[in-house]
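The structure under discussion appears below in the form of structure tokens.
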Amino acid sequence: MSANSHVVKRWFKRFLVAIGILAVGLILGIFVITPPPAETESAAVIIENEDSIQRGIDASAARYSAMAASYAAKNDGLQRGIDASAARYTAMAASYAAENDGLQRGIDASAARYTAMAASYAAKNDGLQQGIDASAARYTAMAASYAAENDGLQRGIDASAARYTAMAAYYAAKEE
């Protein structure tokens, strides 16, 4: 995780760019300092220049090695900070998970309580249904009783309807 963080990548890119620029500068410096082959100089001057060039190269190599060590030390501190943040967020996640565990137990307890209440109400409604069935039977019996009492009345209604139908047919035939 730490090797792929954007901070490490950014520093690594900057470090590579700095090394590249310094390497190009070093190479150009060597070409500028080195005399062209057509130029003639004494052997003592050439040997002295070669010694100073080598000392410059050695000094530059030492400087860049020290810079690399310095950047590595800075990145170690950065890595420790990243690791500390990761540990802190891991602990926070564990804490929130523990809090939510208690919440889930409360939800489960409420669900059990409401299930028990539903079973209780269902048991009470069984007695209520029996009362409804008894009332329905009583009203059905009352309706049958009233229908029997109204049989004579219904026969009178049917006779009147037949009489009025016959009278309507008689008068309709007369008008034609």
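Backbone phi angles across segment 78-92, fed through the Karplus curve with coefficients 6.51, -1.76 and 1.60 (θ = phi - 60°), yield HN-Hα couplings of 4, 5, 4, x, 4, 5, 5, 5, 4, 5, 4, 5, 5, 5, 5 Hz in residue order; Gly and Pro are listed as x. Angle of helix 151-175 to the longest C-alpha principal axis of the chain, folded into 0 to 90 degrees and rounded to 10: 80°. Using the Kirkwood radius over Cα pairs, work out the Stokes-Einstein diffusion coefficient for the chain at 10 °C and 1.306 mPa s, in µm²/s as a whole number. For the chosen part, D equals 54 µm²/s. Based on the Kirkwood approach, the hydrodynamic radius assigned to segment 89-137 is 14.1 Å, with every pair of different Cα atoms included. Give me the angle, in degrees from 0 to 90, between the Cα long axis of helix 6-33 and the longest principal axis of the Cα atoms of the chain, rounded to the nearest 10. That helix lies at roughly 20 degrees to the long axis.
Taken together, the values in this text are just the output of simple stated rules run on the coordinates, not laboratory data. Note that the structure is predicted; figures quoted are calculated from it, not measured.
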